[in-house]
Amino acid sequence: MYETEELVTKTIGDIEYQIPKEWESDCEEAESGICYHYEGGYIWVWSTTDFIYGKKYSDIPDEKKKTELQQCTSDAVSDLMMFKLGETSFNKNKILLENFFDIGNQDAYQAICSISRDDGKFMSKSISIVSNNTIYVFAMLKNADLEDKIDFHYEQLIDSIRGNNRLEDDGKIKSVEEYNEKFNEISAQLKEIFKKYALDLVPYSEEDSKEIFEIVIVSSKELAKRGNELESKEEIQDDELFGPFYLSAGYLCNNYDEDTEYGKVGNRAFDLILYIAGGDNKNRDKVLEEFDIIAKNHGIEMMTIDDLKSGEKGVEEDGVDIKESIALSTGRYIVGEDIPSGKYDIVGVSDGCVSVCSQGKTYGDVLYEIITPGEVVYANVRLEDGYEVEVVAGGKVQLQPK
């Protein structure tokens with residue numbers, strides 16, 4: 001994660017996070033949290049069980065939980081400002097972007113705010129996570145004109161939270177050991193079932209091999225999109241997509257060595273099922289990226305059902321056929337040059353941010369959104385010639401024409 005820095009693991013309550021070791025020597029502890037200093041900015045780690053509704057978080061009505069998360073996040077940022085900047089002037093906060101989502105089946109909230117004070121303009125980013133009736137907030141504060149290096153390190157810290165914590169309700173998986181034990185067992189059971197059925201039902205032939213190889217590649221994206229939980233082998237066998245997928249994977253494993261392309265794809269297909277079962281999105285996306293490279297080398301297009309439906313409809317805008325969805329990875333794109341103009345849904349593929357600027361404007365005046373994989377990030381956005389679309393922080397999206 002930090003290629004040149006030694007990491008240390010820290011904890012706050014139930015949550016583990018990682019920071020560069022050098023941060024330990026430049027931090028301050030306060031009654032309500034700990035503040036790490038980094039190149040002109042601050043990262044604040046804070047928790048609370050003191051809620052505005054005077055109840056445990058689990059007892060707060062669902063319709064009020066979002067308000068609670070927003071308020072606690074705002075309180076944490078205010079505490080950080082008071083701790084580091086003092087109450088020397090009146091300030092105004094404007095939420096530029098907010099997003100509610102889940103981490104490990106627990107409520108989470110993310111916000112980006114601009115803050116105007118008499119002594120300058122500031123920017124804050126924050127993420128709040130609920131676990132065992134406690135809200136944990138990780139907030140970053142910097143001068144608005146500060147370089148983005150602190151943003152990078154803040155995002156890496158958040159990545160470590162996503163990767164290190166299995167935040168589950170009582171009675172569910174709570175540790176890496178439990179996770180590995182459960183899903184390694186499922187994986188072993190699957191391989192035995194797949195190989196048996198592949199032998200019985202799909203006789204070997206070179207023609208079949210090519211077709212089955214393509215089935216695995218083409219259907220992997222839709223499989224990941226569904227993201228079904230694999231609770232038992234019976235559920236897996238009953239699913240209309242997983243059945244053909246695991247039979248095809250078993251066929252490739254059974255008939256080809258792992259050091260061949262077909263054998264590698266078969267084994268990685270099993271890994272993909274395991275990652276989907278465990279909610280391991282980072283490794284799931286790695287497999288999909290490998291399959292995407294293989295697909296391009298073989299002239300195969302990885303599709304979801306939504307992609308296919310969108311492609312069947314087709315859209316004609318300004319004489320340009322844009323019926324196929326467009327994949328965008330991290331970078332900047334000009335509408336009319338890199339992307340046909342038209343109306344699109346922006347669908348998340350990998351975590352990051354996406355912005356759209358009208359011609360001559362900057363900083364996402366049309367939209368600025370956090371990417372949530374597998375969800376529509378923004379619907380019905382009209383992209384005109386000259387607009388700029390920028391994907392940052394390692395994100396990936398699909399533009400699906402309307």
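The values are calculated or read from the model by the stated rules, or taken from the named source; none is laboratory data. Every value quoted in this text rests on a predicted model; they were computed, and no experiment measured them. For neighbour counting, all protein chains shown are included, and Cβ atoms are generated from backbone atoms with ideal geometry for every residue, glycine included. When the accessible area is computed, the model is the full protein with side chains, heavy atoms only, and any ligands, DNA or RNA have been set aside. Shrake-Rupley method; radii C 1.70, N 1.55, O 1.52, S 1.80 Å.
Total residues in region 35-54 satisfying the condition of being without any contact (Cβ under 8 Å) to a residue 40 or more places away in the chain, open to solvent by 30 Å² or more (accessible area, probe 1.4 Å) and touching a strand residue (DSSP E or B) at 6+ places or on another chain (Cβ under 8 Å): the figure is 1.
Within region 57-109, the set of residues being within 16 Å of the chain's Cα centre (by Cα) and modelled with pLDDT of 85 or more comprises 107, 108, 109. The residues in region 14-32 that are over 24 Å from the mean Cα position of the chain (by Cα) and at pLDDT below 85 can be counted, and the count is 9.
Every residue, every condition in (1) hydrophobic (A, V, I, L, M, F, W, C); (2) closer than 28 Å to residue 144 by Cβ, yes or no:
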site	(1), (2)
11	no, no
31	no, no
34	yes, yes
37	no, yes
42	no, yes
72	yes, yes
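Residue selection: residue 11 satisfies the criterion of being out of contact with any Lys or Arg (no Cβ under 9 Å at 6 or more places or on another chain), part of a strand (DSSP E or B) and at pLDDT 80 or above. Among the residues making up region 251-293, those that are surrounded by fewer than 16 Cβ atoms within 10 Å (Cβ to Cβ) and over 14 Å from residue 220 (Cα atoms) are 257, 258, 259, 260, 261, 282.
Checking each residue in region 363-402 for being in a loop (DSSP other than H, G, I, E, B), under 16 Å from residue 97 (Cα atoms) and either open to solvent by 50 Å² or more (accessible area, probe 1.4 Å) or free of Cβ contacts under 8 Å to residues at least 60 places away in the same chain (or both) picks out 363, 364, 365, 366, 393.
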